[in-house]
Amino acid sequence: MCVNYSRMHERSPEIEEIVESVLAFARERLLREGLTIGASALESDLVETNTIQLGEEGSGLGAVLNHYIETLAANCIAADHPAYLSFIPAAPTKASTVFDMAVSASSIFGGFWQAGSGAIFAENQVISWLAREFGMPESAAGTFVQGGTVGNLSALVAAREHARRLYLDRGEQEPRRWVAVCNEEAHSSLTSAARVMDIDLIRVQPDDKGQMRGSDVRGVLEAQGTAVFAVVATAGSTNFGIIDDIASIAKLRSEFPFWLHVDGAYGLAGMLSPLVRTDFRGVEEADSVIVDPHKWLFGPLDACALIYRDGELGRAAHTQRASYLDTVTGSPEKSPTDYAIQLTRRVRGLPLWFSLAVHGAAAYRDAVTATVLRAREISEEIKKRPYLRLVREPQLSIVAFERVGWDGGQLAQWSERLLDRQQAFVRPSSYHGRPHLRFAIINPLTTFEQLAAILDTLSDSVEDSMVGAVPLSVSGAR
Ligand SMILES: *Cc1c(COP(=O)(O)O)cnc(C)c1O
């Protein structure tokens, strides 16, 4: 018995058909007008409608691709839809998305400089450009990792390693428990990082505007001393888009020698807009920062830029050593694997590089500014409507508001119907137990009219809110 195994790799009419068909689908999806938001299915429904079993025999191109398009892709939510307003959406530029396909087609191993020097050079240009935008020095270096969760973890590992070295140099015993400090509202990935690192994470109460300030952190530093190896300032909280008072936190370092990490996974891209740039004062002092291109930098899923003020401190913590790596760890150029918890990686910074190089930074500034303005406009509209209450003025592009008189259950019901009708994807959130709704606006195609029409559906009772409401056409081209 002989299976012709090379038929999967060799160029042949069959392979050409597979390549052309998949590219045709990708092309259609990229240029589609009138994108629908999509749906979320129960696993049991998908089991029932599944037509593709994985077995010894293949099912053939037509059946598999059809199943993907009709059933699988249809039961996913398009994070790039202009009415996707939950969590933090994605709004990749067309150039970045199509270039992501070019990256996939190129099979570049992005772990080591020698394997991907050209691509890594371009990624590093983006890292340098971001570092300059954030006011960091020339020595800044880093890489792209999968997401903010891995970025935060990698930065905190480097921070602790640095602190350990300082203890060692002084001939002192390490603290019994290492401590990192962040805002009570900081992202859940920090809790996850603390668990992985087996450290304590102290979440401090911010001021009444939700910003963590130096004065809020001082108490912890005085009580915990040098066990505090890192303070994490959030530059754009996930729930509200609040930026901590980074400058006042940075100032404390003249008294306490902690590593300042800035988690700007969502918000740091806001520095591209002159409207809010000054709110980030202090970022230039950070020892490390992260920002996710897949959020507000209009790149495709998934990528996080992790940047160290002093690249050597990242390398000291993360360089992997082994006999089978000897030939590459000796190279004078820095390798992406040296900066984070990862070895094999795709060059996930290239889609942003391509789009930024093609369109120029000014277009990015305009796009970020447009979404900040959109958030302000719809906040004013919310204030005009008596059945709504703005939770707080948006600092960046996240607008949180309450529907007066509705509980969490009613909001959830409303949200389901909004999605069923393909009008919008708006999931309820909450703050200190109080349910609210949230528009996370990062897509420059999201219009004021679209947002106002969503507010309209909140004016009646939950039952009435959907009667006669006309689904808004949500053409991606607008
Ligand atoms: C989204 C987010 C993260 C996590 O990033 P992922 O890319 O989802 O892993 C961390 N911090 C903040 C502030 C975020 O908004």
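The values are calculated or read from the model by the stated rules, or taken from the named source; none is laboratory data. Note that the coordinates shown come from a computational prediction; the quantities given were computed from them, not determined experimentally. Counting neighbours? That spans all protein chains shown, and the Cβs are built from the backbone with ideal geometry, glycine included. All accessible areas refer to the heavy atoms of the entire protein, side chains included, with ligands and DNA or RNA removed. Shrake-Rupley method; radii C 1.70, N 1.55, O 1.52, S 1.80 Å.
Restricting to the range 169-191, name every residue that is assigned to a loop (DSSP other than H, G, I, E, B) and without any contact (Cβ under 8 Å) to a residue 60 or more places away in the chain. Steps first, answer last, please.
Step one: filter the range 169-191 for residues assigned to a loop (DSSP other than H, G, I, E, B), giving 170-178, 184-187.
Across the range 169-191, the qualifying residues are 170, 171, 172, 173, 174, 175, 176, 177, 178, 184, 185.
Of note, residue 221 satisfies the criterion of being open to solvent by less than 10 Å² (accessible area, probe 1.4 Å), away from the ligand (no atom under 16 Å from the Cβ) and either without any contact (Cβ under 8 Å) to a residue 12 or more places away in the chain or among the hydrophobic types (A, V, I, L, M, F, W, C) (or both). Just need a number here: residues in the range 101-131 that are in contact with a helix residue (DSSP H, G or I) (Cβ under 9 Å, 6 or more places away or on another chain) and open to solvent by less than 30 Å² (accessible area, probe 1.4 Å). Final tally of qualifying residues: 11.
If the condition is being hydroxyl-bearing (Ser, Thr, Tyr), out of contact with any strand residue (DSSP E or B) (no Cβ under 6 Å at 6 or more places or on another chain) and either at pLDDT below 95 or in a strand (DSSP E or B) (or both), then the range 192-240 contributes only 226. Flag: residue 99 matches the condition of being more than 30 Å from residue 416 (Cβ to Cβ), in contact (Cβ under 8 Å) with a residue 24 or more places away in the chain and among the aromatic types (Phe, Trp, Tyr). Being over 19 Å from residue 280 (Cβ atoms) and in contact with a Ser or Thr (Cβ under 9 Å, 6 or more places away or on another chain) is a condition met by no residue of the range 233-254.
When 316, 305 are checked against the criterion of being at pLDDT 95 or above and either within 15 Å of the chain's Cα centre (by Cα) or not in a loop (DSSP other than H, G, I, E, B) (or both), 305 stands alone in meeting it.
Annotation: of all residues in the range 132-155 being open to solvent by 20 Å² or more (accessible area, probe 1.4 Å) and assigned to a loop (DSSP other than H, G, I, E, B), the one that is nearest to the ligand (Cβ to nearest atom) is 146. The combined condition, being farther than 30 Å from residue 448 by Cα, within 16 Å of the ligand (Cβ to nearest atom) and of a type outside the set (Gly, Ala, Ser), is not fulfilled by residue 399. Would you mind stating whether residue 208 is open to solvent by 10 Å² or more (accessible area, probe 1.4 Å), of a type outside the set (Ser, Thr, Tyr) and more than 11 Å from the ligand (Cβ to nearest atom)? Yes, satisfied. One residue alone among 279, 302, 263, 292 is open to solvent by 50 Å² or more (accessible area, probe 1.4 Å), closer than 29 Å to residue 89 by Cβ and in contact with a strand residue (DSSP E or B) (Cβ under 7 Å, 6 or more places away or on another chain), and that residue is 279. Across the range 273-292, the qualifying residues are those that are in contact (Cβ under 8 Å) with a residue 60 or more places away in the chain and in contact with a Ser or Thr (Cβ under 8 Å, 6 or more places away or on another chain), and the one among them that is farthest from the ligand (Cβ to nearest atom) is 274.
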